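Beneath this line is the structure, given in structure tokens, with notes to follow.
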Amino acid sequence: MKNKKEKKFGIVKSIFIIFFVLIFGLGAAGGAYFFSKTSKIKKTEISKKPTDLGISNKTQTDLSKYKDSVNIALFGVDRRLKTDISRSDAIMILTMDSEHKKLKISSIMRDTYVKVDGHGMTKITHAYAYGGPQLAIKTINENFNLNIKDYVTVDFYALEKIIDKLNGVEIDVQPDEIKYLNSYINEVSKYEKVTPNHVTSSGKQLLDGRQAVAYSRIRYTAGGDFERTERQRTVLMAVFNKLQGQGKGNMLSILDEVLPYTETNLSGVDIAGYSTKFVSSNISTIDQERFPIDGYCSGAMIDNVWYLKTDLGVTADQMRKYIFDDIKPTAKASLVDIPAK
């Protein structure tokens, strides 16, 4: 499997960063307009007690020196209705690293084999379905020795609407991806009782919102979830490339589309505080990493279910060094392609 070099960008680029950059900008401005916007976000309270969130005393002590680092769990859920119970298809940690003037996104592979409190060893993606954002955060903290207390969940339908607002994004579709892409389009179109708009050929082309989201969901080609994670980032980067040319009016219009599909435990006051910190930190770079990294994980069949196994202690150490000390992990020799699940 290819070891693709991660890129750095001068403008923050991710669907979650859409939310944070726009909201942070509004929060810095303050006023009734800001609070009228944040009122559209669904607020869900979770416990802040360390024991309820899987934050051990040792972790609190070890990370106490990083008081200026802000870490927020980001979950992307693929649900048909807001009331649906859903797994988190995208699991990330957003880091506001003031010391190194970076915004970082740490992606966690959804099939990673971890311990979920009350459910034993299973895929990390299941934690959100079992116990919502609180159990999902607790699972991240317990397995990777982190101290996250806040989260933002975005429904993938938000991404579809953003892309349509931008009149599509250009994606290089590979021949082996077409049938899976169209299968996801059929699934959603059938549910909504509309005629599917299929992708009929490979190559670089403009995809609409539904097509682009379907592309980001593909996981059954060679490379499995590794390649799906890459596809998600490809779509998100394409979104931000188009966002760069948008005026303030259209950006605010896009924000209006995103907010109803967003859920968080952050209050308007919390967001305003992070906004001030974001602006004062002069952050101008986004960096990203995926965990577990190549060479430190492998696929395994357990009870006829495919999992991604890793040494959690090693991965936790790599993750903490990256998030807090800005030390990028180094991949080992490339993995053999993991068979489709």
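Packing, taken as the mean count of other beta carbons within 10 Å per residue, orders the peptides 109-118, 278-287, 198-207, 144-153 from highest to lowest as 144-153, 109-118, 278-287, 198-207. Protection proxy ranking for 227-238, 184-195, 168-179, using the average of other Cβ atoms within 10 Å per residue and placing the highest first: 227-238, 168-179, 184-195. Averaging the Cα positions of each part gives two centres, and for region 86-119 and region 303-321 these lie 12 Å apart.
Can you give the direction-averaged projected area of the convex hull of the alpha-carbon atoms in region 167-245, in nm²? The partial results should precede the final answer.
Working: hull surface 20.5 nm².
Quarter of the Cα hull surface area: 5.1 nm².
Note on K43 and E192: their simple-model spin labels are 3.0 nm apart, each label 7 Å out from Cα toward Cβ. Pairs from the table (K101/K328; K40/K115; K104/K277) lying more than 27 angstrom apart at Cα are K40/K115.
With contacts defined as alpha carbon pairs under 8 Å and 6 or more residues apart, what's the relative contact order of region 122-221 in percent? For region 122-221, the relative contact order is 29 percent.
Taken together, the values in this text are just the output of simple stated rules run on the coordinates, not laboratory data. Every value quoted in this text rests on a predicted model; they were computed, and no experiment measured them. As a convention, Cβ positions derive from the backbone with ideal geometry for all residues, glycine included, and neighbour counts pool all protein chains shown.
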